[in-house]
Amino acid sequence: MLAGFLRKNKLLSLVATIYIVLLITLPGKAIEAVQNSMYYVMEMLMIMPVVFILTSIIEGWIPKKAIISGFGEGSGIKGNILAFLLGSFSAGPIYAAFPVCKMLLAKGAGIANVVIVLSTWAVVKVPMLANEAKFLGPKFMATRWALTTVSIFIMAYIVAKQVKRKDMPMVEETAETGKGVRIAAECCAGCGVCAKLSPMIFTMSDGKARVILETPNPKQKQKAQATAERCPAKAIQVD
Amino acid sequence: MRLPKMDPFTLSLWVIALIALLFFLAKDRKRTLGSMQMTKGMMGGLLGELTGILFLIGLILTFVPPETIKAGLGQSNVVLASILAAVAGSVTLIPAFVAFPLVGSLVNVGASIVPAVAFLTTLTMVGLVTFPLEKREFGQKFALYRNGLSFVFALVIAWIMGVLK
């Protein structure tokens, strides 16, 4: 239990150890360090509920499916804007965007749009902008956002000029269909939603989701499908 | 002890967020609560790292004198500091959510914003750790171009922000 906690929270454990050593050797410095930290702890507590609420609303109410179905090879500027919106209103780290982009490529989206989705997904996140403005100032945030947005569109243009579809690995249909439920471990963000929604099918171990019921009956399959749609990283595949 | 005050910007964000929350709760309570639960799971996973970073800031501010931070990350050797910061951002994979307070604290005690921007931008846009995965999914040429260009543009963005300031 303790070993698991230490492994999952390496940084926190290290910092806590330093504080304990300090408390014994230089208690004055330890108190000073806590006081210095408190300013940032308070700032975080002020902004975190806002980030939480905004992320929840975006996750629950932005019609991602409608955005994705607007993509196509020749959707031009409209496609670029959709790509930008999709990336901006998504949560999760950049690798969570990989499966989504694979799907877009398979649907005929252009390479420029894939670059736009990947980059905005990584950098421009609406709730994160609130967080950035809190710690570095609204002007800093707005300038960086504007410059990054321009850069992303220039990069998308350059990459699309240089990289063609033939340079990409074939977007193959998954060979093993009908195999049941699978999780792309490298995409899983460890949020635990699947294990909460379908504890019969999914479980959490070492901060990642795992399938415990690989060959579900049709009813369980339906349940798994519904759960897969709620996965923020789109890491669950049901077929 | 110096504590932050609620500034008008944060206050307005609170008002917007709360109004939006009430609106969507009224519209579909179950759906909104469901997505809040999912977000709780996602953000809950970050709490350990976040607490670690926040208390690490206190240690840095206590033991590293501001003059040292100014000398290392300040205006005097901004080019080298920015390139190193961009490299550091490329190899680390910590969520930006956790990086903002750390970078903000360094800027507050005199670090230049140019390396700060370089670090924040490569942190999210360039991924050395995720490069093999990106290469597998989209091919080597795509991954090289996207990451390489992102690195260069991060430095350009940082430089422009330094000039504008």
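The values are calculated or read from the model by the stated rules, or taken from the named source; none is laboratory data. From a predicted model like this one, the values you see are computed outputs, not experimental measurements. Glycine also receives a Cβ, built like all others from the backbone with ideal geometry; neighbour counts cover every protein chain displayed.
Report, by residue number, each residue of the range A:1-40 that is assigned to a helix (DSSP H, G or I), over 26 Å from B:L93 (Cα atoms) and more than 7 Å from every other protein chain (Cβ to nearest Cβ).
A:I20, A:V21, A:L22, A:L23, A:I24, A:T25, A:P27, A:G28, A:A30, A:I31
How about the range A:41-50: which of its residues are facing another protein chain (nearest Cβ under 7 Å) and not acidic (D, E)?
Initially, the range A:41-50 is screened for residues facing another protein chain (nearest Cβ under 7 Å), giving A:41-44, A:46-47, A:50.
Listed by number, the residues that qualify are A:V41, A:M42, A:M44, A:M46, A:I47, A:V50.
Under the condition of being aromatic (F, W, Y) and assigned to a helix (DSSP H, G or I), which residue from the range A:41-75 is farthest from A:A106 (Cα to Cα)?
The initial filter retains those residues of the range A:41-75 that are aromatic (F, W, Y), namely A:52, A:61, A:71.
Adding the requirement that they be assigned to a helix (DSSP H, G or I) leaves A:52, A:61.
Numbers: A:F52: 33, A:W61: 25 Å.
That would be A:F52.
Could you give every pair whose Cβ atoms fall below 6 Å, whose first residue belongs to the range B:113-134 and is farther than 24 Å from A:K139 by Cα and free of Cβ contacts under 8 Å to residues at least 12 places away in the same chain, and whose second residue is in a helix (DSSP H, G or I) and among the aromatic types (F, W, Y), counting only separations of at least 6 or pairs across chains?
Going by the 6 Å Cβ cut-off, the qualifying pairs are B:L133/A:Y95.
Is it the case that some residue within the range B:24-31 is more than 8 Å from chain A (Cβ to nearest Cβ) and farther than 28 Å from A:G190 by Cα? Reasoning before the result, please.
The first filter runs over the range B:24-31 and keeps only residues more than 8 Å from chain A (Cβ to nearest Cβ), leaving B:25-30.
Next, from what is left, pick out any that are farther than 28 Å from A:G190 by Cα: B:26-27.
The answer is yes; a qualifying residue exists.
Across the range B:144-163, which residue is surrounded by the fewest Cβ atoms within 10 Å (Cβ to Cβ) among those that are out of contact with any Leu (no Cβ under 9 Å at 6 or more places or on another chain) and without any contact (Cβ under 8 Å) to a residue 24 or more places away in the chain?
Applying the filter and picking the extreme gives B:V163.
In the list B:F55, B:F97, which residue meets the criterion of being modelled with pLDDT under 90, assigned to a helix (DSSP H, G or I), under 18 Å from A:E43 (Cβ atoms) and hydrophobic (A, V, I, L, M, F, W, C)? Step through it out loud before you land on a result.
On the way: B:F55 fails: modelled with pLDDT under 90.
One residue alone meets the criteria, B:F97.
Go through (1) facing chain A (nearest Cβ under 9 Å); (2) of a type outside the set (F, W, Y); (3) in a loop (DSSP other than H, G, I, E, B) for B:L128 and report which single condition fails.
That leaves (1) as the condition not met.
Please go through the range B:38-49 and give me each residue that is within 7 Å of another protein chain (Cβ to nearest Cβ) and either in contact with a helix residue (DSSP H, G or I) (Cβ under 7 Å, 6 or more places away or on another chain) or assigned to a helix (DSSP H, G or I) (or both), ordered by number.
Restricting attention to the range B:38-49, the residues satisfying the condition of being within 7 Å of another protein chain (Cβ to nearest Cβ) are B:38-39, B:41-43, B:45, B:48-49.
Hits for the range B:38-49 are B:M38, B:T39, B:G41, B:M42, B:M43, B:G48, B:E49.
Any chance you could count how many residues in the range A:209-218 are at pLDDT below 80 and under 22 Å from A:A96 (Cβ atoms)?
Final tally of qualifying residues: 0.
Considering only the range B:83-93, state which residues are more than 9 Å from chain A (Cβ to nearest Cβ) and of a type in the set (A, V, I, L, M).
Our first condition is that a residue be more than 9 Å from chain A (Cβ to nearest Cβ); within the range B:83-93, this holds for B:83-92.
Once the filter is applied, which keeps residues that are more than 9 Å from chain A (Cβ to nearest Cβ) and of a type in the set (A, V, I, L, M), the range B:83-93 yields B:I83, B:L84, B:A85, B:A86, B:V87, B:A88, B:V91.
Name the residue that is farthest from A:S56 (Cα to Cα), counting only residues in the range A:219-239 that are modelled with pLDDT of 80 or more and of a type outside the set (A, V, I, L, M).
Initial filter on the range A:219-239 (modelled with pLDDT of 80 or more): A:219-228, A:236.
Restricting the remaining residues to those that are of a type outside the set (A, V, I, L, M) gives A:219-223, A:225, A:227.
Details: A:K219: 29, A:Q220: 27, A:K221: 26, A:Q222: 25, A:K223: 22, A:Q225: 21, A:T227: 17 Å.
Going through the qualifying residues, I end up with A:K219.
Is it true that some residue in the range A:63-83 is closer than 22 Å to B:L21 by Cβ and modelled with pLDDT under 85? It would help to see each step written out before you state the result.
At the first step, the residues of the range A:63-83 found to be closer than 22 Å to B:L21 by Cβ are A:63-64.
With modelled with pLDDT under 85 added as a condition, the list becomes A:63-64.
Checking the range A:63-83: at least one residue is closer than 22 Å to B:L21 by Cβ and modelled with pLDDT under 85.
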